[in-house]
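Following: one structure in structure tokens, then a few remarks.
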Amino acid sequence: MEKFLKSKSASFVLPFVATIVLFAVWELAVIIFKIPQFNLPSPSSILQALIEFTPQLIANSMRTLWTTMLGFGLAVAVGVVLGFLIGYSRLAYLTLYPLLVAFNTIPKAAIVPLLAIWFGANAIPATITAFLLAFFPIAVNVALGLDTVEPEMKDVLRSLGASQVETFQKIGFPHTLPYIFASLKIAVSFAFIGAVISESVASNAGLGYLIVQATADFNVPLAFAGLIVLAIMGVILYGFFVLIEKKIIYWAR
Amino acid sequence: MVQPLTNSSVAASSLKDTQPVLEFDQVGLEYPFEGSMRRIIQEVSLSIQPGEFVSFVGPSGCGKTSILRMVSGLNPAPIGEIRYRGQRITKPLHNTGIAFQNPVLLPWRNTLDNVMLPLEIVQPHKRDFRQKKAEYTRMAQDLLSTVRLQDFQKQFPWQLSGGMRQRASLCRALIHQPEILLLDEPFGALDAFTREEMWSMLQALWMRVKCVGILITHDLREAVFLSDKVYVMSPRPSTIIYEVNIDLPRPRTLEMELSDEFNHYFSTIRRHIHHN
């Protein structure tokens, strides 16, 4: 047992088995307690809905995917620039940081109706919500990365007569990379959440929209199918950035 | 094994061989403390000759590290002045090598690339870096083998022991053939055995480059072993209360530590520290 827990395959096998067990218990519970489908559909009927509505599910998840990635992309660009600004300039830190913190405390779901008024019920509110949720952790982490460069490391460079730009190239930037990647995997999950929230409030497509529509039609198995697809997408997005992180900053320990 | 890497720096300095490389002219230091200025260093005046290895020892808080930072130009002397070849030091000198107690190797670089870092920054090496990369790599490998790290070139810092990291840090401090080597308690975090081993390696490295060496240390044996001259500082506000030339032949060996001469130097310095 000890040996198995330390092996690499354990980290795949155990969650997989747990999922299977969960679904089995669920299926049995639905049958034994005769739970009606519009309260809690059984895994088998969810699977049925998954197969029946595959084209709709794919089309809507593609929409969710690209709004998420677009919002996330914007968040990376803005977050990295803001982070470097805050990290390097005392002026920018004192001026912008309190505003960012204040803005970040606003629940983004509350902004979506406004976005819908401004842009209509389409992909734009979802993209913007994804961006709004994702840029803050990136900006904070970049600033944190720059701030935590060991002073002695900077001294070594300065004593050699390195310019500000060289110091940034040689230590500031590489030192910040692990912080950036740590924030990317969080930010991409946030962007995904933001996009789905927005879709469920004001949109004309996307998985969030699909789930709201399905529940309105009392097609609860389809709503659950949408949830399952959301979970799978979320894990894939997170896993993708974990993988990139491992590849690029292999030296971080 | 003991051969200069190149003769360029030696040739340039031989013209002014009689002049001191560094002159401390009534150097002082104050620090704000509870609303008023507290004097840390009262007055230090001395000069350091080409190729001389000196140590500063003294109680903690007497401004030893500040002296190093003033020489490096990281924090130029606020009172009095330090001159490098007649020029007042007001900003970082480019031809210094520096090593701290914390080796601060860059974790994203392997040992070899860490050692070569100064060559990417200091002219003329920076300009020639791409062209002469092969030659520079050999120089770095050469230094690494002096400290017996030749088999660890491709390792990353987290794969090295504390002593190995510090050895790599010393190589980095010397690769660009600096005229001044600044050492701030470089072996303070190492165990006693490793530390003694490091003394010999540092001496071997330094004898190849033959630059000015300035060592800040708490370890009096280390100061005697490595230095041509030891300066003893008083508690703050500090001055130099004792200086002694260490006339032991080089290369010094760990056996010499047992000699009467060595112990005489050690006990005299120790007495001066204790009496204050």
inquiry  = Would you confirm whether or not the stretch A:181-196 contains a residue that is within 14 Å of chain B (Cβ to nearest Cβ) and under 30 Å from A:Gly87 (Cβ atoms)?
reply    = yes
The residue from B:Glu135, B:Glu179 that alone is buried (at least 16 other Cβ atoms within 10 Å of the Cβ) and either touching an Asp or Glu at 6+ places or on another chain (Cβ under 7 Å) or not aliphatic (A, V, I, L, M) (or both) is B:Glu179
The condition of being under 29 Å from B:Leu68 (Cα atoms) and of a type in the set (Ser, Thr, Tyr) holds, among A:Ser163, A:Ser200, only for A:Ser163
(request) Kindly indicate whether A:Ser61 is surrounded by 17 or more Cβ atoms within 10 Å (Cβ to Cβ) and part of a helix (DSSP H, G or I). (result) yes
Taking the stretch B:1-30 and keeping residues of a type in the set (Gly, Ala, Ser), open to solvent by less than 70 Å² (accessible area, probe 1.4 Å) and at pLDDT below 85 leaves B:Ser9, B:Ala11, B:Ala12, B:Ser13, B:Ser14
B:Glu185: passes all of (1) buried (at least 19 other Cβ atoms within 10 Å of the Cβ); (2) of a type outside the set (Val, Ile, Thr); (3) more than 14 Å from chain A (Cβ to nearest Cβ); (4) farther than 11 Å from B:Gly97 by Cα but (3)
Review point. Does A:Ile211 satisfy the condition of being β-branched (Val, Ile, Thr), surrounded by fewer than 19 Cβ atoms within 10 Å (Cβ to Cβ) and either touching a residue at least 60 places away in the same chain (Cβ under 8 Å) or more than 30 Å from B:Gln177 (Cα to Cα) (or both)?
Key: no
Residues of the stretch B:78-118 being at pLDDT 90 or above and among the basic types (Lys, Arg), in sequence order, are B:Arg109
The condition from (1) in a helix (DSSP H, G or I); (2) away from chain A (no Cβ under 14 Å); (3) in contact (Cβ under 8 Å) with a residue 12 or more places away in the chain; (4) out of contact with any Gly (no Cβ under 8 Å at 6 or more places or on another chain) that B:Leu170 misses is numbered (2)
**Request:** For the stretch B:198-213, indicate whether the set of residues that are free of Cβ contacts under 8 Å to residues at least 12 places away in the same chain, open to solvent by 30 Å² or more (accessible area, probe 1.4 Å), small (Gly, Ala, Ser) and within 23 Å of B:Val57 (Cβ to Cβ) is non-empty.
**Result:** no
Counted residues in the stretch B:123-176 being modelled with pLDDT under 85 and aromatic (Phe, Trp, Tyr) come to 2
Do we have B:Arg165 as under 17 Å from the mean Cα position of the chain (by Cα) and either open to solvent by 10 Å² or more (accessible area, probe 1.4 Å) or charged (D, E, K, R) (or both) here? yes
Within the stretch A:162-208, the residues that are charged (D, E, K, R) and either within 15 Å of the chain's Cα centre (by Cα) or surrounded by 20 or more Cβ atoms within 10 Å (Cβ to Cβ) (or both) are A:Lys170, A:Lys185, A:Glu199
Among A:Leu82, A:Leu91, the single one that is modelled with pLDDT of 90 or more, closer than 30 Å to B:Ser72 by Cβ, out of contact with any strand residue (DSSP E or B) (no Cβ under 6 Å at 6 or more places or on another chain) and away from every other protein chain (no Cβ under 14 Å) is A:Leu91
**Study point:** Residue match in the stretch B:31-40 (condition: closer than 30 Å to A:Phe173 by Cβ and open to solvent by less than 50 Å² (accessible area, probe 1.4 Å))
**Key:** no
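The values are calculated or read from the model by the stated rules, or taken from the named source; none is laboratory data. The model shown is predicted, which means the values in this text are computed figures rather than measured ones. Don't worry about glycine lacking a Cβ; one is built from the backbone with ideal geometry, like all the others, and counts go over all protein chains shown. We work out accessible area using only protein heavy atoms, side chains counted, and drop any ligands, DNA or RNA first. Shrake-Rupley method; radii C 1.70, N 1.55, O 1.52, S 1.80 Å.
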